[in-house]
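Below: the structure, in structure tokens.
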Amino acid sequence: GISLGACSAARIGAVRQQVAVVPAGLPAKAPKGQRARAVRPLCAAEPARKPVSASAASSPVAPVEEEEASAVDYEALAQELVGASPLEIMDRALDMFGSEIAIAFSGAEDVALIEYAKLTGRPFSVFSLDTGRLNPETYELFDKVEKHYGIHIEYMFPEASEVQDLVRSKGLFSFYEDGHQECCRVRKVRPLRRALKGLKAWITGQRKDQSPGTRASIPVVQVDPSFEGLHGGAGSLIKWNPVANVDGKDIWTFLRTMDVPVNTLHAQGYVSIGCEPCTRPVLPGQHEREGRWWWEDATAKECGLHKGNIDREDQAPKVGVNGNGSAEARAPDIFQSQAIVNLTRPGIENLLRLENRAEPWLTVLYAPWCPYCQAMEASYVELAEKLSGSGIKVAKFRADGEQKPFAQAELQLQSFPTILLFPGRTVKPIKYPSEKRDVQSLLAFVNSLR
């Protein structure tokens, strides 16, 4: 394909509109039948092309000095861009890095990144990780996106020998037994590492509201804490997160407004979309990230692509599920209602010991900072009000921090939230088995055991 060469920039509002100028010696049009491409392949060996500007067609073209990444204070830049729109952030990223930056596209709602890039008028590159286990609908979206934008997505694949060794030694579904990290390392992290070695910066669709415990503090731009870029070594790669401060609902408003192609899985209840075996629809009252690796701890739902988010948490004072650090200790309490009894440790221990309870107790084990608990708050409060005066007590017990070991040993806690019914005639509490946390589902559970 023909790479975009010199560009002339006309300032339009806060965004520069780029007009491609065909370099001397190249044909004005691509050969008939060849799809126009607005991206460049990821290639570490190809020398970078510096952007140039032209004042007129007859004027000599003068190169523009490229801003040195090492001279930029990215913490200060992140603060400067805190109130900027995703479009402004995208424009700044593409302006600073030109052909040495690319958008990472997962085949989900991060198609918004490609739309923002198109709206800047600047040339841009897109790559995606094909793990070999994506949903058919995701592959269909890749094709639609390429045709809609007239671009070529650069696909990165895992090493066949590594996949073969993993499957032969542990089977096709080992992640259900010993966690997803090993499979993701082979199918996603290492291919990503190869892609990033040819770049100085990359653009992701991370948002603060996506994942508990890992993405709440991501900046709009940062020195990548986990991966290396073109020149190698710590600090050689810059990571841009243009939609970090945008709510998921606002992303969808943007996609609908701009009539952007989206993954048809979204219409089936999928929100966060990854590999087919590790992704499922989100149920009523659930946080979007509960559709990923649902059998694992809710506080560490990262595949390794954004491992730096977890690394920062590990370096900070432990909070929440590992202790009562200041950040989560300050989290406002939830399930606040006169219809809900707030159980203390002695209270729930007494409830646990009783053999003949005067009335059944429905109790949620929760952590107030957990988005999954927050997501079910309204339905649980409504349920408590419905059951008020019915002979069933509705309660809550905060089970994070120093209470977590007790809750794990005695109350069947595996992840937040956990819902238990203490029947009137049975010593052992019964754990709610479903992840449907709407009022009707919870009420059906209670009524079936009354």
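Take the conditions among the small types (Gly, Ala, Ser), open to solvent by 80 Å² or more (accessible area, probe 1.4 Å) and assigned by the TED database to the domain that holds Arg292 and apply them to Ser174. Does it pass? Spelling it out, it is not the case that Ser174 is among the small types (Gly, Ala, Ser), open to solvent by 80 Å² or more (accessible area, probe 1.4 Å) and assigned by the TED database to the domain that holds Arg292. Contact annotation: residue pairs with Cβ atoms under 9 Å, 6 or more positions apart or on different chains, pairing a residue in segment 262-287 that is of a type in the set (Lys, Arg) with a partner that is at pLDDT below 80 and open to solvent by 30 Å² or more (accessible area, probe 1.4 Å), are Arg280/Trp294. Per the listing Arg194, Arg187, the residue uniquely more than 30 Å from Tyr366 (Cβ to Cβ), open to solvent by 30 Å² or more (accessible area, probe 1.4 Å) and not β-branched (Val, Ile, Thr) is Arg194. Residues of segment 121-131 that are in a loop (DSSP other than H, G, I, E, B) and within 15 Å of Arg185 (Cα to Cα): Asp130, Thr131. The condition of being among the hydroxyl-bearing types (Ser, Thr, Tyr) and touching a residue at least 40 places away in the same chain (Cβ under 8 Å) holds for only one of Ser174, Ser106, Ser128, Ser161, that being Ser106.
Quick check on Pro158: is it out of contact with any strand residue (DSSP E or B) (no Cβ under 8 Å at 6 or more places or on another chain), open to solvent by 60 Å² or more (accessible area, probe 1.4 Å) and either closer than 18 Å to Glu276 by Cα or polar (S, T, N, Q) (or both)? So Pro158 does not fit the description; no. Which of the residues that make up segment 79-107 are assigned to a helix (DSSP H, G or I), under 20 Å from the mean Cα position of the chain (by Cα) and over 26 Å from Ser128 (Cβ atoms)? If the condition is that a residue be assigned to a helix (DSSP H, G or I), under 20 Å from the mean Cα position of the chain (by Cα) and over 26 Å from Ser128 (Cβ atoms), then no residue fits.
Tell me which residues, restricted to segment 413-430, are over 21 Å from Ile334 (Cα atoms), in contact (Cβ under 8 Å) with a residue 12 or more places away in the chain and open to solvent by 40 Å² or more (accessible area, probe 1.4 Å). Once the filter is applied, which keeps residues that are over 21 Å from Ile334 (Cα atoms), in contact (Cβ under 8 Å) with a residue 12 or more places away in the chain and open to solvent by 40 Å² or more (accessible area, probe 1.4 Å), segment 413-430 yields Arg425, Val427, Ile430.
The values are calculated or read from the model by the stated rules, or taken from the named source; none is laboratory data. Keep in mind that what you see is a predicted model, and the values were worked out from it rather than measured. Glycine also receives a Cβ, built like all others from the backbone with ideal geometry; neighbour counts cover every protein chain displayed. All accessible areas refer to the heavy atoms of the entire protein, side chains included, with ligands and DNA or RNA removed. Shrake-Rupley method; radii C 1.70, N 1.55, O 1.52, S 1.80 Å.
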